[in-house]
Every structure is written in structure tokens, then in C-alpha cells.
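Novice: Quick one: the structure is below, questions incoming.
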Amino acid sequence: MTVVDTEILVVGSGAGGAVTAARLAEAGRSVLVVEEGPWYRPDEHEPFSLEEFVARYRHQGPSAALGNPSIVFAEGRGVGGSTEINSGLYHRLPEYLAADWRQEYGIADFDEATLTRYADIVEREITVSKLPGEPPRSSAALARGSHALGWRNVEFARVFEYDSQGRGTKQTMSRTMIPRAVAAGARVQPDTNVLRLERRDGRVVGARARVTHPDGTSEAVTIRAEHVFVCGGAIQSPALLQRSGFRRNVGNGLKFHPTVKIAARFTEEYDHDEVTMHRVTEFSPFITIGHSASRRGQVALAIADAAPHALDAVMKEWQNVVVYYAAIRSSGSGRVVAIPGLRAPLVTYSLTDADMSRLARGMVHLGAVLLAAGAVELYPSITAGTVARSRGDLDTWWAELTRVRSNLMTVHLTSTIRMGERRDRTGADSFGRVWGVPNLRVNDASLLPDAPGVNPQAAIMAIATRNADHFLSEL
């Protein structure tokens, strides 16, 4: 069996893990990053294509949280984690929400000045900007519909760098923080599945893993480390801790942004290259309306939800169809449970009746915006749902969006190892240190006490930077 030694082991290379590795390596620490998935070139796959799904997504596509209804979710798998596959939207953690979390969970060093300082650091280290020119038509449609209804809308910044011609490049972790970590001496080992953490005398001493080689063979590896940061995300981090014997407040409290979608047909062709940046914020923070991936495959799936009989006819002019979404902050929650003998953990989620009502409201509002923007047909993510052509048709969705007929998804997963000083409600202290284990830390989306109502990447990176600095200040 191969044995590898390092001072600091970072498990996972997404927004939390990449920031952690870069921060610690640049401080002169010996860092090894292990990533279960492969290491692809940043531009190796077309965004939101079938090839990207197969290569960069866990299980080569979506997974499902069991419940009534079930909710489809997606996780990135590879160097850079979900930053390689998401839309790159960037929104700082709202101060009112940070204040609520600070009080409810007793989070230390979580005041506005501290979070602003670390958000500033993150934004200096990666490129965060708004579109330099006119928005694409799919994005402008949301702004146009909002203005017609007198509703608030904003252009969110994105983690994108634009050239002089206005062409944007998403600043994923494999383009930004991972190269910085490597330049500072960190080692990155892809295709390495950490099976469990090893403990001795109340401390972690490393991990057992299996490395898959390019020829398909694999071997067992023991990694010895003085400190471990678990950064596998809100599903994989609690699963690893549970497999390693850590279960106290680990895996419960999972939070999603449950999401409904509408495929909107317009009378002329629209853009389909990427997810755009305008959002309707009239109903924030509980309902957010935006644009979703709208490649040919995503359009076909959206049409098939409501009207499979019309699929062939609509797809003849699929370039005229764009997919949009309405996402909610959920009052329900879920669990992640590692089951012995199974590679993937069991994920469940329970939506409340209030959640279902809020989803219906979000869908009706989204439909109103799209009709006001000029859409002529709306196909909702409801099995056999009414195809809406007028405002009056939207009223039928209130009754149709039931637990049986709704088709829900999410891309934001948080809150399975909550942080704070309230030991009865958290799995880690205010800086991600797992209770009772002084050299084991979590530093990813798991720490967020609740879903923030916006893309959590900005909050994850700011908190991860803060926690890495706290670690360096102590050791």
C-alpha cells in the first residue's frame, strides 16, 4: 500500500477546497489536495452540453433527493468542483441574513465588517464583473418583462473576465485558485476517492483512499496528515464524516433552493450559449426569478414535462425557446445519510405546504414576466401542465403544481454541518472545526446555516478564506 505524507490534507477542490489550499500554501504550509474526479482543462467541454454532463457531473448527470416530491440536484465532480459547471453568478451574503445566523447559531467573528473584508479579498483574487456591453436577448427579456409590470430587477455580477471584445471567460477554481495553490507548492491529486478518515487519540491522523490510474487500474493509498480540511460539499462532506464515525449534527439540516422552470416560446430566435445575469428581485429573498441553461437538450426536457405530445412540433423551432426558473428559500429541510455498503449517500428532502405554495406563486409570477416580455407560449415544469398563452391561463397552475405533478430541481446545496458556538445545533464551531476533534475542519457549503436565497459561491469563498486565516493565526 502506498503511503503519502503531508502537513495539511484538503479533501475536495471546489470553492471551499481551492480557496483553502491556496491560502494555506501561500502561507508556506505543506498542502495536498485530493479530488475524487478527474482534472480536465477548463475549456475542454462545452458548457451545459451532454459531454460536460458525462465528464464533470457526479453520476454523469443529476441525482435526486427522495421526498414528496423528489427534487433533482446536481453536483460537480472533478478538479474545481461545482464552480466548473455552475453559471458563475456572484452575490455577497446579505447582511440581514448574516445577522440572523450570527444570533441564531452564535457564530463568532461574523459581523458585517469582517465579512466585507473577506469578500473584498475574494473579489481581488478572482475577477467579478458585470457584462461590459448589451445583455443577450434572453437576459434582456427578464428586464423588459419586469419593467412592464413595474417589478424590481437587477443584473447580478458574475465570476467572469471579459476581453476587449466583450468575450467572457468564467473564472472557475481550475482557472484561478487551484493554479495559485500549485504555484505556491500545493500538490493536487485527482481521481482519488477518500473512503474514510483515520482517528487516533481524539485526533484525525489522515485518510484511507483509493486512486484510479489512467489505465483504469486502482490502488489503495494511506494519507498521513497533521490537519485535515474536508471540503467535499454539502452532500459528500457529511457522508465522509459519517463513514469516519462523526455523526453528531452531521448530515441533518440539508437546505435547497427548490426550483420550478418554464420553457418560454418567443416568435423569433434567442441566444442559448450560457446562463444570463438578469434576475427579478421583486419577491426576494423568498422567491428569485432568473434564466436557466437552454441548450437543445434542456429545452426538450422542459417541453416534455408539460406537453410531450407537442415536443416534435416545438423542437422544430427550438431556437425560439428559452428556459427560465423561479427558486424559493425553503422552510423545509433534508438529510444526508451514509449507508454502509453503498457508495452514494441517501439524500432526502421534505418540502412544507408553505414551500409548495411559494413554488406555485413563483411559477405564476415567472409566467407573468415572460408574457409581459413577449413570450407566446409557456410550458411549465408540471406533468401535463397547462400551456399558458395568456395571463388567465396562469391561474390554472395554482391547482396543477401539486406534490404528484411537480418536477423540481436545485443546484444550490448547503447546511449539513452548520457552524457556530451553539453545540446543540451545529456540527462545527464558528470556524469549521468539528466539535471534539481539534485538527479536523470543514470548509465548504456545509457550514452555511441556511440556504441564502442566491448563489452561495460568494459566501462560501469568503467564509473559507476567513476560516483559513483563523487556522493560520492559531497554528
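The values are calculated or read from the model by the stated rules, or taken from the named source; none is laboratory data. Nothing here was measured: the structure is a model prediction, and the numbers come from that model. Virtual Cβ from ideal backbone geometry, glycine too; neighbours counted across all protein chains shown.
Novice: Within the range 166-191, restricting attention to residues that are outside any loop (DSSP other than H, G, I, E, B) and in contact with a Phe, Trp or Tyr (Cβ under 8 Å, 6 or more places away or on another chain), which residue is nearest to M461 (Cα to Cα)?
Specialist: K170
Novice: May I pose another question? Please enumerate the residues belonging to the range 381-406 that are more than 28 Å from the chain's Cα centre (by Cα), assigned to a loop (DSSP other than H, G, I, E, B) and not small (G, A, S).
Specialist: Correct list: T386, V387, R389, D395.
Novice: Of T192, T172, T176, which residue is under 22 Å from G290 (Cβ atoms) and among the β-branched types (V, I, T)?
Specialist: T172
Novice: Oh, and also: Does at least one position in the range 398-410 carry a residue that is in the same structural domain as G145 (by TED's automatic domain parsing), free of Cβ contacts under 8 Å to residues at least 12 places away in the same chain and polar (S, T, N, Q)?
Specialist: The answer is no, given that none of the residues of the range 398-410 is in the same structural domain as G145 (by TED's automatic domain parsing), free of Cβ contacts under 8 Å to residues at least 12 places away in the same chain and polar (S, T, N, Q).
Novice: Could you check the range 6-98 for strands (runs of 3 or more DSSP E) lying wholly inside it with 2 or more residues that are touching a residue at least 60 places away in the same chain (Cβ under 8 Å) and over 15 Å from the mean Cα position of the chain (by Cα)?
Specialist: 31-34
Novice: Checking the structure you have, find out if any residue of the range 296-313 is more than 30 Å from V336 (Cβ to Cβ), of a type in the set (D, E) and more than 17 Å from the chain's Cα centre (by Cα).
Specialist: Yes, because at least one residue in the range 296-313 is more than 30 Å from V336 (Cβ to Cβ), of a type in the set (D, E) and more than 17 Å from the chain's Cα centre (by Cα).
Novice: Shifting gears a bit: Take the residues in the range 58-87 that are β-branched (V, I, T) and closer than 14 Å to Q457 by Cβ; name whichever of them is modelled with the lowest pLDDT.
Specialist: Looking at the filtered set, the residue picked out is I85.
Novice: So which residues in the range 303-319 are within 18 Å of V376 (Cβ to Cβ) and touching a helix residue (DSSP H, G or I) at 6+ places or on another chain (Cβ under 9 Å)?
Specialist: Once the filter is applied, which keeps residues that are within 18 Å of V376 (Cβ to Cβ) and touching a helix residue (DSSP H, G or I) at 6+ places or on another chain (Cβ under 9 Å), the range 303-319 yields I303, A307, A310, L311, V314, M315, W318, Q319.
Novice: Given (1) out of contact with any Asp or Glu (no Cβ under 6 Å at 6 or more places or on another chain); (2) assigned to a helix (DSSP H, G or I), identify the lone condition not met by A344.
Specialist: It fails just one condition, (2).
Novice: Could you say which residue among D312, D305 is in a helix (DSSP H, G or I) and in contact (Cβ under 8 Å) with a residue 24 or more places away in the chain?
Specialist: D305
Novice: May I ask you to list pairs of residues, at least six apart or on different chains, whose Cβ atoms are under 7 Å apart, with the first in the range 341-361 being closer than 20 Å to G253 by Cα and assigned by TED's automatic domain parsing to the domain that holds P380 and the second being β-branched (V, I, T) and assigned to a helix (DSSP H, G or I)?
Specialist: Pairs found: P345/I235; V347/I235.
Novice: Any residue that is surrounded by fewer than 22 Cβ atoms within 10 Å (Cβ to Cβ), closer than 30 Å to Q171 by Cα and out of contact with any Pro (no Cβ under 6 Å at 6 or more places or on another chain) - is there at least one of those in the range 437-456?
Specialist: Yes, the range 437-456 has at least one match.
Novice: Can you tell me which residue is surrounded by the fewest Cβ atoms within 10 Å (Cβ to Cβ) among those in the range 26-45 that are farther than 16 Å from S174 by Cα and aliphatic (A, V, I, L, M)?
Specialist: The residue in question is A27.
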